[in-house]
Each structure stands twice: as structure tokens, then as C-alpha cells.
1. Within region 53-97, can you find the residues that are of a type outside the set (G, A, S) and over 29 Å from I14 (Cβ atoms)?
2. Hey, which of the strands (runs of 3 or more DSSP E) in region 92-162, taking only ones fully inside, have at least 3 residues that are touching a residue at least 24 places away in the same chain (Cβ under 8 Å) and over 24 Å from the mean Cα position of the chain (by Cα)?
3. Would you be able to tell me the number of residues in region 61-74 that are hydrophobic (A, V, I, L, M, F, W, C) and in contact with a Leu (Cβ under 9 Å, 6 or more places away or on another chain)?
4. In the list A97, A87, A156, A112, which residue meets the criterion of being out of contact with any His (no Cβ under 8 Å at 6 or more places or on another chain), farther than 30 Å from S35 by Cβ and either basic (K, R) or surrounded by 12 or more Cβ atoms within 10 Å (Cβ to Cβ) (or both)?
5. If only one of R119, R101 is of a type in the set (K, R) and either touching a Pro at 6+ places or on another chain (Cβ under 7 Å) or under 30 Å from T57 (Cα atoms) (or both), which one is it?
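Only the coordinates and a few stated rules stand behind these numbers; no lab work does. Computed from a predicted structure; not experimentally measured. Cβ placement follows ideal geometry from the backbone for every residue including glycine, while neighbour counts extend to all protein chains displayed.
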Amino acid sequence: MNWGEMFFRDWEGIARTIIVGALAYAALVLFLRISGKRTLAKLNAFDLVVTVALGSTLATVLLQKSVALAEGATALALLIFLQFLVASLSVRSPRFARLVRSEPTLLARHGAFCEAAMRQARITEDEALSAVRSSGGRQISDVETLILESDGTISASLRRSP
């Protein structure tokens, strides 16, 4: 490999990246606007997978000359359609929703950790206490409930002061 090619190959590659990149980005924005806010919501593992796949597909379209813009746009549209389909089926079928979504997990209640649930969720006490502090508490005794939400965030409900 020529050392010079590591940094610059030709102007044609630069022009392709700019033109195809702008068009692929415009297609992605258009598809996301058509599909609605739910497509990139941070709700479950499938949403994360689709978000990563969209980014990977966009990068591939931008950088791989072997992938035409039409193929890349089709791949983006397919990912968004499949995410829309999963979301629609989840809303219509509780059984399907249970298959694709995780349920929230109670990590602490009435100021005490639920140790078995924390082990199963692979959450350490330090991580849980970090969420308590983020919510304005100082220690686990300040917590009424601590919940690992289905999107992976931890929410704390603090005890009311007498």
C-alpha cells in the first residue's frame, strides 16, 4: 500500500462521500420523519439495535463505493420499517410486547436493596447509589423505590421527610 493513499486517494472519492453522504443523510432524516418519534426512542433493546444499525448503514453508504445510494436508502428504509412493525405489533399484542420488551425491575424498596433482583439485573450497589444521588438522595435509606426501567435507566422515588 502506498503511504500517500492512507491520507488521500483522489478527489472523486471525496466528491462521492460529500454527495452520497448528503443524500443518504437526507433520506435518513426523511424516513425518520415519516416513521415518527418512536423509531429512535430509548425504550428497549430492539430500539438500541435499530439505532446502531442505522448508524452503521449510513457509515457504510458513505464510505463503501461498492454500496450504491439506492441500496443504502433501501437498507435504511427496511430497518425503519421493521422497527415500525415491531412497535406496532407491541402496541396491538401484549404477548408480543412481552417477547420484545423487558419488564422494569424493583431494585430497592422502603430503604433496602432487593439483593436477588440486583444480582439478576447485574446492578451493583454503587450503581444503584449513584442513581439515588442523581435523584437527590444520599443513601439507600432515602429511597422508597428504586427501579431498573426497561430502557436500562434507574429511577428513584425518594421517601418523603416527615
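1. Pass one, region 53-97, residues of a type outside the set (G, A, S): 54, 57-58, 60-65, 67, 69, 71, 74, 76, 78-86, 89, 91-92, 94-96.
Passing the criteria: F81, L82, Q83, F84, L85, V86, L89, V91, R92, P94, R95, F96.
2. Details: elements: 105-109, 143-148, 154-158.
Counting at least 3 such residues, we get 143-148.
3. Filtering region 61-74 down to residues hydrophobic (A, V, I, L, M, F, W, C) leaves 61-63, 67-70, 73.
Imposing the further condition that a residue be in contact with a Leu (Cβ under 9 Å, 6 or more places away or on another chain) reduces the set to 61, 69, 73.
Total meeting the criteria: 3.
4. Working: A97 fails: farther than 30 Å from S35 by Cβ; A87 fails: farther than 30 Å from S35 by Cβ; A112 fails: either basic (K, R) or surrounded by 12 or more Cβ atoms within 10 Å (Cβ to Cβ) (or both).
Criteria check complete, one pass: A156.
5. Numbers: R119 fails: either touching a Pro at 6+ places or on another chain (Cβ under 7 Å) or under 30 Å from T57 (Cα atoms) (or both).
Sole residue among the options that is of a type in the set (K, R) and either touching a Pro at 6+ places or on another chain (Cβ under 7 Å) or under 30 Å from T57 (Cα atoms) (or both): R101.
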